[in-house]
Structure formats: structure tokens, C-alpha cells
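Below: one structure, written as C-alpha cells.
The values are calculated or read from the model by the stated rules, or taken from the named source; none is laboratory data. Since this is a predicted model, take the numbers as computed values, not measurements. Cβ sites come from the backbone with ideal geometry, for glycine too, and all protein chains shown count toward neighbours. Areas reflect the complete protein model, heavy atoms only, side chains present, ligands, DNA and RNA absent. Shrake-Rupley method; radii C 1.70, N 1.55, O 1.52, S 1.80 Å.
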Amino acid sequence: MTTAPATTAAPDALDSLGSWRLRPGVTASALAQGLHVRGWSSAVSMEGSPALPALWRMVEEALRADGAADLAARAPAGTPLRAALCTLIGQLHTQGMLVGASTAPADGPAAEWLATVAARPAEAAAALAATRVEVRTADRDDPLAPAALRALARAGVTATLAGSREPAGSGVLLTAARPDGTELAVAALARPGGAFVTPVGSPAGAGADAAALRARLGRDGLDGPRAAEAPSGPALTALVAGGAVQRLLCAVAGLPDPDSEDTAEEAGAGASPRLRTALVAAEDPPHAAYHPWLGGPPAPQPPPGTLAEALAGVEALGDEHLGPLPAPGTGSLPQLPVALVECAAPGGGRLTAGGARADLARLDALCRAAELRLGAGRSGVVVGAGPGHALGRALRRAALARPLPVGAAAPWNPYGAGHAQARHWWTALTGRLGVRAELTLTPLDTAEAAFRAEVRGGRDGRLLGQAVEATAGDAAAFATLAALARVQAGTPDPTDRHFTSAGGELCALAVAGIAAAPWEDENWSAGWWARVAGREAALQDSLRRLTGLSARPWAPDGPDTRAVLTALRACGFTALETGAPATDAPDTEGESR
């Protein structure tokens, strides 16, 4: 009889604990039945046992005092204690709260900082040690330059002061020369009326960003005196100098930019492109925040793949300090039975948008505001969150602009057609709001691949809403939704207000990346939007044949519109030029898109 050889358990998290150290700044708090651990960029709560704080103390002591081997001996393999310790250590790894003991940097001014934030602190420290920074300024009396030099010295980085050919009062430019000869740069300006730090780029790119940011912030002003040329106070100077130095050194050392809590590993291949940001600061009281920066050299991005990505573009384009377009918001507008948003309309007045949800209405409003800004509402400029969305808007607009044959429209009864969404919105319009209205439907081609619906109401039978979609029910539902939003918002004054309501062109974004539940058929909003999105390609083909619309990328004709187009492209948005008339300039009778 032979005896099977003994097997050795594979090393686990506790066996390898001696190769790791706890990052500086990691702390823990006891919970009633667990533990909450916080690091520099993440936090985790673990619950289920009052013994978790004691386990944390055991792991913390082992990490800080090289006691990993003793701890492993006290917790034999296969015991519940060892399993619990391994689970806790695994969470510390997952949250990036441990750093390899062999990668710790030597002692130095930036050692603790790098051990806190860098994936490989020793490599980051070596990169900083090999870097030479030059602080360029045209004004030796600008307190920002010596403040930047002091910040660099505290980080242990060699720096020198040099002159600049830029005009006096243009701030400072920090350039870092790498051993391979490449240069990284960041520009900063600190004035009571406007303070900023540019994204990291080439020296020329940082200089261009600085000029554009100064012009942008000079127009709007911040919390201090507008466009003041006097030096900033010491608190704002130190804040901006520290922000500029931190951005530059993070780029040199391969660390995440300070505007994000993403780790270097999380920002690797496959991550979606992030918008560049500028640090915008104000003096009274001293504060700073990163804002999306869509200026500078053109940087077109892929179209948004989801509604969340498109809405991130809306936030950037409508940013309060740096955005080129007005930000749509709900304000004090009613949100039931439909959602309403509004913003300032380029050229004057207010732009109101209605939709089934506020986020969809915000995206539609932003696109309409961009069209008004780019084409004054008359040039056939159509903006969308990507080519498909823009083309869907353009084709629907062209189809709505075509006159209908006399007698082609026929009454349509939402209650007898079996379309739950059309019935729902019609009930809200005629029942909840008590509007006396008539719904008519017109097939736009003999194959009945596209339908146009119109809702008229009031004493004069004015047009309240209209839509073009692939099925009669879809067209009726979106036309009624537009009418409902218009009535809920109040009759707009054509001289000072614009109105828009999205159709099925937004459905693809609304459901992108979202798996519908098995029961979500067309009786549910998400299920209906998914079906509408599935019909969009065929509808666009039909509308192309019907309208003969030609669409091409829009070419701006001035520096202001070029800047807006650059910002749109930086968010993945598309601007098309078509021969179809824009229907909302001014807001003509009842036209909703």
C-alpha cells in the first residue's frame, strides 16, 4: 500500500503579506457589525461580524511592523481565522490600499506622497529626480513664479527661473524636460478676477490653452473683480502654484491627473477617453475646482455610446465657467406629467424642452441651443450626440417641413389602436390637463414605412405637437408627448421663446448598454424605446428616399462658431449642414422640433 504524497496549499494573501506595505493615510473606523476602511482615493465597508476591527488591528500591525510571518503562523491554513484575514487583505488589494514593499521610494521630500498615490513609487521617484523644471514668466514681479519654485523645491525637484516672450501679466509656464528630451508643460495665471491652471500638454499647447482660458474667463469673470490685472492675494497664489506643480509632477511621474481619483491601472487600455479639465480658482473665499475644458487644439472624440456619456458632454458644454453653451436645467418648471427643462436661447429669449425624462430633455435642449448658436436657427445646421442622432433629427425635420397633400391626414384614435404609450400620453393630455385636442395621422409613403402625426387643440385648432416615426403608434405617441410638454410649459411667445421636444431619434441612446427585463415589452417605456431604436435604421432609409435630404459635416465660418464646433467634437457630438430648414427660429406655430 502506498501513501499519497502530502500536498502543499498554494500561497494565499496572508502568505504574501510580507511583500506589501500599507499606504500612508489608510485609516479604519469600527462599525457596529463591521469595519470601514478609507484610503486616499477609495473606501470600503465590510460588515457581518463585530470581530472585524480586531482582524484589522492584526493586519495593520503586521503590515507596519514586518509581522506578516508571525501573523501567518498564528492563523493556520484552513482555519476560519485565516479565511477571514485573507478576505480582509484581498479587499485592501482591491481598493489599492497596499503598495509593494520592494517598490517603496527612498527617503525624500516626495516619498510619502508617492507611497500614497503611485502604483510603483520607486519608479515615480526616479522620474522626478531625473526631471528638470523651468519656470518661465515675463513678469519677474509676479508672485506666482516664486510660489511655483517653492512648491517644486518642497517636492525635491530641481527648478530654475527663466524669462518669457509672452506679454507681461500672462502668468507662468512650467516646462519639465525629461531625460529622453521630450517636454511637458502646464500654464497658470492668478489674478483676483480669474485664476486657472491649464491641462498638461506641450509648451505650445499649454500656452494656447492659457490664452484661450484667459479670454474665456475674462468675459465671464469669477468671484473677484472682472479681468483685474492686480496681483492675487497670497492664498490664491499658493493655491494656483501648488495646483500647477501637482499637475506637472503627476504627469512626469506617470500618476493620475489630480482631477481624477482613477488609478494608473484603471486608466489603461480600453478606458473611454476623458475630457480635459482646467483648474479654475477664485479668491474670496479661496477655492478651486476642476472644470471640463473643451478649448485648445481640436481633439475629436468618438460619439457617445451611452446616454450617460452624452450627458457628460451636456455637462461639459454647459459648464458654468468654461462651457460655450447655456446649461439646460429644470429650475422651477413642473416635472409632471412630463419633464421640462429650459436655458437661455442663443440670440435672446428662453429655450424650453420637454421629454419623458429630464435627462432626455436636457440633451435635446443642448442640441437645439447648439443649433441656434451655430446657425442662428435658419441655416439648416443640425446637432446631435453622434452622427446617427444628428441624422435622425435632420431627417425628421426635413419630413416635417414637407407640405402634406390636402385630405391626406385622417383622425386616429389612441384608445382603439393598441399602442400603450400613445394611449398613456393622450390620456395625460386630454384627461389630466383637460385639453380638447384632435390627433391625425398621415402615411408618408405607400409602403407605410413612415408616418406623420399631428396634434391640434384649442379654440383655433393650432398645432401643438407633431412627429415622424416608423409606425403609426410611435408617431402618435411622440406627437402627443410634444403637445403635452408644450401645454404644460404654457403657450410660448414666438418673439422671445423657443420650444423643442425629442422624438425617436433619442431612443437608441436612452437604452444603450441597458438590458431590458424580460417583461419590459412596449407597454413599458424602456421596452418601447428599445423597439423604437430597433426601427430607427429602416426609418432613416425611408426618410432619405422620401426627402432626398443631403447632409454633410458643417463647416464654421467664424472664430466663435469654430470654437463651439471644436467643443462639440471634443464631446463626440456631430454638427451637420443640410438643405432642410430649421423649424424653430422663430418658434412657428406648433412646430416642435
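The figures follow:
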{"read-out": "Those residues of segment 339-363 which are of a type outside the set (A, V, I, L, M, F, W, C), open to solvent by 40 Å² or more (accessible area, probe 1.4 Å), touching a strand residue (DSSP E or B) at 6+ places or on another chain (Cβ under 7 Å) and over 23 Å from PRO304 (Cα atoms), in sequence order", "value": "ARG350"}
{"read-out": "The one condition in (1) surrounded by 16 or more Cβ atoms within 10 Å (Cβ to Cβ); (2) modelled with pLDDT under 90; (3) more than 15 Å from GLY355 (Cα to Cα) that LEU539 fails to fulfil", "value": "(2)"}
{"read-out": "Pair list, Cβ < 7 Å and 6+ apart or interchain, from segment 463-492 residues that are free of Cβ contacts under 8 Å to residues at least 40 places away in the same chain to residues that are among the small types (Gly, Ala, Ser) and open to solvent by less than 10 Å² (accessible area, probe 1.4 Å)", "value": "ALA475/ALA453; ALA475/ALA467; PHE478/ALA467; PHE478/GLY503; PHE478/GLY504"}
{"read-out": "Residues being charged (D, E, K, R) and touching a residue at least 40 places away in the same chain (Cβ under 8 Å) - total across segment 546-578", "value": "2"}
{"read-out": "Of all residues in segment 23-46 being open to solvent by 20 Å² or more (accessible area, probe 1.4 Å), assigned to a strand (DSSP E or B) and touching an Asp or Glu at 6+ places or on another chain (Cβ under 8 Å), the one that is nearest to GLY100 (Cα to Cα)", "value": "ALA28"}
{"read-out": "Breaking point among (1) of a type in the set (Asp, Glu); (2) closer than 20 Å to HIS389 by Cα; (3) open to solvent by 10 Å² or more (accessible area, probe 1.4 Å), for GLU469", "value": "(3)"}
{"read-out": "Candidate set from segment 1-22 (those that are open to solvent by less than 40 Å² (accessible area, probe 1.4 Å) and in contact with a Cys (Cβ under 7 Å, 6 or more places away or on another chain)); member that is modelled with the lowest pLDDT", "value": "ALA13"}
{"read-out": "In segment 410-440, the residues that are in contact with a Gly (Cβ under 9 Å, 6 or more places away or on another chain) and over 18 Å from GLU522 (Cβ atoms)", "value": "LEU429, THR430, VAL435, ARG436, ALA437, GLU438"}
{"read-out": "Meets criteria (in a helix (DSSP H, G or I) and touching a residue at least 40 places away in the same chain (Cβ under 8 Å)) for ALA185", "value": "no"}
{"read-out": "Candidates LEU311, LEU360, LEU294 - the one that is of a type in the set (A, V, I, L, M, F, W, C), closer than 22 Å to GLY572 by Cβ and assigned to a loop (DSSP other than H, G, I, E, B)", "value": "LEU294"}
{"read-out": "Of the criteria (1) among the small types (Gly, Ala, Ser); (2) at pLDDT 90 or above; (3) surrounded by fewer than 24 Cβ atoms within 10 Å (Cβ to Cβ), which one ALA370 fails", "value": "(3)"}
{"read-out": "Condition check for LEU429: in contact with a strand residue (DSSP E or B) (Cβ under 7 Å, 6 or more places away or on another chain), open to solvent by less than 10 Å² (accessible area, probe 1.4 Å) and outside any loop (DSSP other than H, G, I, E, B)", "value": "yes"}
{"read-out": "Those residues of segment 512-536 which are among the β-branched types (Val, Ile, Thr) and open to solvent by 30 Å² or more (accessible area, probe 1.4 Å), in sequence order", "value": "ILE514"}
{"read-out": "Qualifying residue in segment 368-386 (condition: polar (S, T, N, Q), farther than 21 Å from GLY465 by Cβ and free of Cβ contacts under 8 Å to residues at least 12 places away in the same chain)", "value": "no"}
{"read-out": "Per-region count, segment 158-184, residues touching a Leu at 6+ places or on another chain (Cβ under 6 Å) and either open to solvent by 60 Å² or more (accessible area, probe 1.4 Å) or more than 21 Å from ALA204 (Cβ to Cβ) (or both)", "value": "0"}
{"read-out": "Search result, residues across segment 59-71 that are more than 15 Å from VAL26 (Cα to Cα) and either crowded, with 16+ Cβ neighbours inside 10 Å or modelled with pLDDT of 85 or more (or both)", "value": "GLY67, ALA68, LEU71"}
{"read-out": "Any chance LEU444 is over 30 Å from ARG545 (Cα atoms), hydrophobic (A, V, I, L, M, F, W, C), touching a residue at least 60 places away in the same chain (Cβ under 8 Å) and buried (at least 16 other Cβ atoms within 10 Å of the Cβ)", "value": "no"}
{"read-out": "Residue list for segment 450-461, restricted to those being part of a loop (DSSP other than H, G, I, E, B) and either out of contact with any Leu (no Cβ under 8 Å at 6 or more places or on another chain) or open to solvent by less than 30 Å² (accessible area, probe 1.4 Å) (or both)", "value": "ALA450, ARG459, ASP460, GLY461"}
